[in-house]
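**Student:** One structure, as structure tokens, below. Some questions next.
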Amino acid sequence: MATKFEWPWHYKFPPFFTIQQNSDTRARQLDLWCNLVLAYYKHKKMYVFDVNEAQTSSLFFNKEINRKLPIEGINLVLETLQKRGNLEWKDKKGERGYIMWRKPEEWGSLIYQWIKDNAMTGTVCTLFELQHGDDTKNQEFHDIDMWMLKRALETLEVKNKAQMFEGPTPGDDSGLGVKFFS
């Protein structure tokens, strides 16, 4: 059973939903917003952010106090997340993007550590096995988004710790495989 997301105290503080004019205060506020977005997405195990749905989501609209972060504020939060390396746009318009509550390098390290801990270097796995396999059920990367899984494995390829390859049907993610090296 999934646990309920615990909102931080500042989520119930009305001025939190108004971008502050003082630069120091605004910087701290944006930092709190970024941390909230990352914690929320991590808790929900979500990866894709849609700007068009943002204003109605509970993340940016606290119905309890009837406060909503305006779209300009949401865009500032997204800019800050992108500068920090926690957001990558999926489209050129900047309407859909990936929230990276854990960066690809971090995911790659977790996956590779699990491979080593289970003496699986030198073996081949399908990406489906890593993503949904019974052996990974207790791992943080279980049910990871396919885009993020590929990005994580690409970081391992750069370090010569893994090699991805396509299955018999190019473009079909279900046939993707990866071999891990020691």
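**Student:** To test your reading of the geometry: what angle, between 0 and 90 degrees and rounded to tens, separates the Cα axis of helix 104-117 from the longest principal axis of the chain?
**Tutor:** Between the helix axis and the principal axis of the chain, the angle is about 40 degrees.
**Student:** Just to confirm the number: angle between the C-alpha axis of helix 23-44 and the first principal axis of the chain, 0 to 90 degrees, nearest 10?
**Tutor:** 50 degrees
**Student:** To the nearest 0.05, how large is the calculated FRET efficiency for Q20 and K92 if R₀ is 25 Å and r is the Cβ-Cβ distance?
**Tutor:** The value I calculate is 0.25.
**Student:** Using Cα atoms only, what is the angle between the long axis of helix 146-158 and the major principal axis of the chain, expressed in degrees (0 to 90) to the nearest 10?
**Tutor:** Rounded to the nearest ten degrees, it is 60.
**Student:** Let me ask something else about it. With a 1.4 Å probe and all protein chains left in place, how much of the accessible area of the range 10-99 comes from carbon and sulfur atoms, in whole percent?
**Tutor:** Answer for the range 10-99: carbon and sulfur cover 49 percent of the accessible area.
**Student:** Is it possible to state the helix-based mean residue ellipticity at 222 nm for the chain, with each DSSP H run of 4+ residues giving -39500 (n - 2.57), the sum divided by total residues, to the nearest 500 deg cm²/dmol? What is it?
**Tutor:** Here the helix-only value at 222 nm equals -12500 deg cm²/dmol.
**Student:** Right, here's the next one. For the chain, evaluate the Debye formula with one uniform point scatterer on each Cα (no solvent term) and list log10 I(q)/I(0) at q = 0.18 Å⁻¹, rounded to two decimals.
**Tutor:** -1.14
**Student:** Mind giving me the nanometre distance, one decimal, between the label points for E154 and Q113, set 7 Å out from Cα along Cα→Cβ?
**Tutor:** Using points 7 Å along Cα→Cβ, the separation is 2.3 nm.
**Student:** Once Lys and Arg get +1 and Asp and Glu get -1 on their Cβ, which of I19, Q139, W107 lies farthest toward the positive end of the dipole of the chain?
**Tutor:** The Cα lying farthest towards the positive end belongs to I19.
**Student:** Suppose the chain between K44 and K137 were pulled fully straight at 0.36 nm per residue; how much longer would it get relative to their current alpha carbon spacing?
**Tutor:** 31.9 nm is the gain from fully extending K44 to K137.
**Student:** Here's another thing I want to ask about it. Find, among the GluC sites (Glu not before Pro) in the range 1-84, those assigned to loop by DSSP (not H, G, I, E, B) with at most 14 other beta-carbon atoms within 10 angstrom.
**Tutor:** Listed in order of number, the matching sites are E6, E64.
**Student:** Report the extension gain between S58 and W147 in nm, rounded to one decimal, defined as 0.36 nm multiplied by the number of residues separating them, less their alpha carbon distance.
**Tutor:** 29.6 nm
**Student:** Might you tell me the accessible area per residue for the chain, computed with a 1.4 Å probe and given in Å²?
**Tutor:** I get 57 Å² per residue for the chain.
The values are calculated or read from the model by the stated rules, or taken from the named source; none is laboratory data. If you're wondering where the values come from, they're calculated on a predicted model, not measured in any experiment. Glycine also receives a Cβ, built like all others from the backbone with ideal geometry; neighbour counts cover every protein chain displayed. Ligands, DNA and RNA are stripped out before the accessible areas are found, and what is left, the full protein with its side chains, is counted by its heavy atoms. Shrake-Rupley method; radii C 1.70, N 1.55, O 1.52, S 1.80 Å.
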